[in-house]
1. Most exposed first by the Cβ proxy, i.e. fewest other Cβ within 10 Å, how do ASP367, ASP338 rank?
2. Semi-axes of the equivalent ellipsoid for region 484-615, please: Cα gyration tensor eigenvalues, times 5, square-rooted, ordered largest first, whole Å.
3. P(r) for region 358-418, please, calculated from all Cα pair distances in 10 Å bins and given in %.
4. Can you tell me how much longer the chain between ASP573 and TYR444 gets when fully stretched, taken as 0.36 nm per residue apart minus their C-alpha distance, in nm with one decimal?
5. Given R₀ = 35 Å, FRET efficiency for SER304-GLU512 by Cβ-Cβ distance, to 0.05?
6. Could you list GLU316, GLU595 in order of exposure, starting from the residue whose Cβ has the fewest other Cβ atoms within 10 Å?
7. Separation of region 434-460 and region 472-535 by C-alpha centroid, Å?
8. Output the peptides 305-314, 282-291 sorted from most to least packed, where packing is the average of other Cβ atoms within 10 Å over each peptide's residues.
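Throughout, read-outs are computed from the coordinates displayed, never taken from laboratory work. All of these numbers come straight from a predicted model, not from anything done at the bench. In this analysis, Cβ positions are derived from the backbone assuming ideal geometry, glycine residues included, and neighbour counts consider all displayed protein chains.
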Amino acid sequence: MNNNDKIGLYSNISLISGIFVLVIASLLLFNYMQVRKTDPLDAESMKVLVERLAEDEDNEALKQDIRNLDLLARKAYFNSQWQIKTGAILLIFTFVVFVIFLRLFFAKSDKIEEPERKAEGIQIERILSSRWILIGGIIIIVLAMIASYFSVNHFDVYESTQEAALDDTLENEIEVIVLEENLIPDDRIVTKNRSDLAEIDTSNAGLAEGLQAVSMVEAEEDLPEIENRQGSINYPDLAELKKQFATFRGALGNGISYHTNVPANWDLDSGHNIKWKVEVPKHGYNSPVLWNNKLFLAGADKTSREIFCYNRLTGEMIWQKVVDDVPGSPASQPETTDDTGLSAPSINCDGQRVSVIYGNGDIITFDMDGNVLWSKNLGVPDNHYGHSSSLISWQEKLFVQFDSNKGGKIFALNVINGDFIWQVSRKSRISWASPILAEVNGKYQLILASTPIVAGYDIENGDELWKVDCMMGEVGPSPAYAYGMIYAANEYAKLVCINSANSYQLEWESDEYLPEVASPVVSDSLLFIATSYGVLVCYDAFSGIKYWEQEYANGFYSSPIVADAKLYAADMDGIVHIIEVNKTFKLIAEPEMKEAIYTTPAFMDGAVYIRTDKYLYCIKE
């Protein structure tokens, strides 16, 4: 290709890319003007519908209209955000192409010998014209980017408007439920407002008599829920949670099982110590949770979302429910990667209620017999892999870590009725980690890891108690807590130990071995880390000194769990490495499940429960 051909090519590319720049910039500017003039969500309509529903609470048609408007709001928001992001990326890319080839065009043109008769003014004119083209292009792209940035966030507008409308209708609306004496021995009456439960002392006989005269304001169809609230006064304490395995990674989500006599070896081929095995009807990456003799799992795909309750002693399915009719649930399911799917978060159980969340934002709570108590949609998570943060509860609060590409959020829902107790937007980005609970200085707090922070929050009101800017990348591992120390790690970031007794300063840090998915666990002053590239490491929990490292053929997605002074670490080959909790590496056994393991084992009463890719196993001597 000679010089003239190159000049022609560069000229055509710069011309075409320049036209693209103008078109995309014009569309972004037009989008900005449109959204400034119109509100596609029509918040006033929502207000009117809510007001009408307050007057006619049994009107199912009105409820459906509100759900439809809710769905429209979310679709409008996600569609608008996709258009703005895609347009901005295309604008930057085409502008860069335009500038590069315009410069190449003039550079090549300058090499052609100019005829002597060409005046010097023409050269200057060409230089000035090229500069004005660049300046004009920069002005257009800057205006377009500003317009895309300031485009109305309809989802936030919608949420705040709807919240205000609901507050107007629910303000001062208090429901008094008179309970029979045999349900609450100390003669207290439970009251419910729009977001929490309060207790009123009715020792005064006149007050009690007056309260009994208050009529019920709930519809007859809600009576089963009231009955459930009547039995909801007693929540499990820490001692009870240690007897169960009721959430991801056990009590408080910390990776420790308090059960003993757990099997240290088994064999699938001979059936040695294999008590039962069942095939799980629907795929999911959530881990087993246990309460007394019941075991809970969830599964989901593009067609349906389901929850399963098994008899943990026999493997028999007690009940199986398809999750549907969730208010605000999207018509189509979000795209997720194969290693996350639509059912990655583990279930939470408090002995009376079972709560589950799916990758489309649907969250549902059942009673222990599989009856739906409440359900709602929290919004489709903007997550390029899929939502995977597991649920955890304390007393009446059910906590949801909802970190997405749009920023970090935490929800505290009333586990009895699904009302928001509090919700917090925080200065963090997307995360796939799960929250843990920790008693720090005599008070429980919620501890979360994400990019770029590890932080603690007051469980009563969501206030941020502390934060440390120490993470980066796509955070998957959950934190761990022991001895007043918070441990967090992520691949391409670092492993940190944060000292709560020293104003949450970094006690020590390391960047040698870092996990991608598996969460750290601490026991007997030892910290264990399992990496996705197959290295299992043991550190001193107080100093960060490395005691040993062991390399395996495959990596770890399953979080290691400590039970009965043994570390159980299942790799992606389906081999469960059982190692003594000791500063010297001591292998106990390596039984094979002959199928990939991505979930985390659960333990109870001398048994270990493992979900492989297709099956659920109970292993017990």
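1. The fewest-first ordering by Cβ neighbours comes to ASP338, ASP367.
2. Equivalent ellipsoid of region 484-615: 25, 16, 14 Å, largest first.
3. Answer for region 358-418: a P(r) of 21, 53, 23, 3 percent.
4. Result: 42.7 nm gained on full extension.
5. On the way: r = 44 Å, r/R0 = 1.26.
E(calc), rounded to 0.05, equals 0.20.
6. Numbers: GLU316 11, GLU595 15.
Listed from fewest to most nearby Cβ atoms, that is GLU316, GLU595.
7. Cα centroid of region 434-460 versus Cα centroid of region 472-535: 14 Å apart.
8. Listed from highest to lowest mean packing, they are 282-291, 305-314.
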